[in-house]
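Rule-based calculations on the coordinates, nothing more; no lab input. Note that this is a predicted model, so its numbers are computed, not measured. So basically every Cβ, Gly included, is an ideal-geometry build from the backbone, and we count neighbours across all protein chains shown.
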Amino acid sequence: MSTTSPFDLTAEMCWPTVFFHRRWAEHPLEAPRLLAFLCEQRAAQPTNIASGVAVRAKSPAGIYESNFDLFTKPNPGLAKLLGFISQSLAAAVCHVEGGRVQPQELDLAVVESWFHITNRGGFHDAHLHPNCSWCGIYYLQVGDSGPAHGGGAPNGGTRFYTPLTLGYRDAGNAYLFEELDAPIEDGMLVLFPSHLRHSGLPYEGTRDRVVIAFNARVFRKGVPSSLRP
């Protein structure tokens, strides 16, 4: 995409990093039942990090992470949420592809899905998700998450970091290293490309912070499974 500046410079935007966020209209109705279901799942698996993945990247206390098969569970609310996520992700891919593909031409597969319950300073250190093209976070209950009083890191926020690996920094490239804090709101879905490092910042509150996360792969319909990565 080209733009012209007031100084007669033509700007070319290359390799942009795009985020998407969207509220789920059915959240007020479905959230209480989903929260109850996730609490049942947690009670059945008392280990803090049930997935057993990247344990050292997570706080030793204050966080629970489920196994990575959440959307395979038979639950009507989860099925509705998955439909909303699939519709949103298809539209997002259509947008970033510049209309070269339509949502109905896509075959989306959520290959991993899980949930976090955090409190008492629970956090997840900076990381990224390999083996997929898109990732997402759904805020089921933000609790007392929000901007810090007086500035600083938000309480229980999701923070994203530059995908660039440049070691040199000065006033000419400072914009490349800015951190981005995702919007925090009950019922908010955040979609982001899988190459972005991100972290779940420490959370304290009177209510638990509960999020659902997932990794997705996207293919054109008709592509044989043997040709899919």
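What the table shows:
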{"item": "Where labels lie 7 Å past Cα in the beta-carbon direction, separation of Arg169 and Ala79 in nm", "result": "4.9 nm"}
{"item": "Evaluated over region 157-229, the Cα radius of gyration and Dmax, each in Å", "result": "17.3, 50"}
{"item": "Relative packing of 101-112, 190-201, 14-25, which averages over residues the other C-beta atoms within 10 Å, highest first", "result": "190-201, 101-112, 14-25"}
{"item": "Cα-centred dipole magnitude for the chain, charges only on beta-carbon of K, R (+1) and D, E (-1), debye, nearest 20", "result": "560 debye"}
{"item": "Rounded FRET efficiency, nearest 0.05, which uses the C-beta distance separating Leu35 from Ala109 and R0 of 25 Å", "result": "0.45"}
{"item": "Potential lengthening between Glu204 and Ala54 on full extension [0.36 nm per residue; Cα-Cα distance subtracted]", "result": "51.8 nm"}
{"item": "Stokes-Einstein translational diffusion, region 95-210 - Kirkwood Rh over all Cα pairs, 1.567 mPa s, 4 °C, in µm²/s", "result": "80 µm²/s"}
{"item": "Cα lying deepest toward the dipole's positive end in the chain, options Leu108, Thr158, Ser88, charges on Cβ", "result": "Leu108"}
{"item": "Using a Förster distance of 45 Å, the FRET efficiency for Arg220-Arg120 (Cβ separation, nearest 0.05)", "result": "0.50"}
{"item": "Helix-only [θ]222 nm of the chain, DSSP H runs n ≥ 4, -39500 (n - 2.57) each, per residue, nearest 500", "result": "-6000 deg cm²/dmol"}
{"item": "Phe123 long-range amide H proximity, modeled H, under 5 Å", "result": "Ser59"}
{"item": "Value of relative contact order over the chain, rounded to a whole percent, pairs C-alpha under 8 Å and six or more apart", "result": "27 percent"}
{"item": "Matching label, Cα Rg over 2.2 N^0.38 Å computed from the structure shown, candidates (i) 1.09; (ii) 0.98; (iii) 1.33", "result": "(i)"}
{"item": "Assigned charges on the beta-carbon of Lys, Arg, Asp, Glu; region 136-229 dipole about Cα centre (debye)", "result": "700 debye"}
{"item": "Region 1-70 - convex hull of alpha carbons, volume per residue in Å³", "result": "220 Å³"}
{"item": "Part-to-part distance (alpha-carbon centres) for region 8-30 and region 208-225, which is given in Å", "result": "17 Å"}
{"item": "Cα centroid of region 106-124 to Cα centroid of region 126-181, whole Å", "result": "16 Å"}
{"item": "Asn131 versus Phe177: modelled label distance in nm, points set 7 Å from Cα along the beta carbon direction", "result": "3.3 nm"}
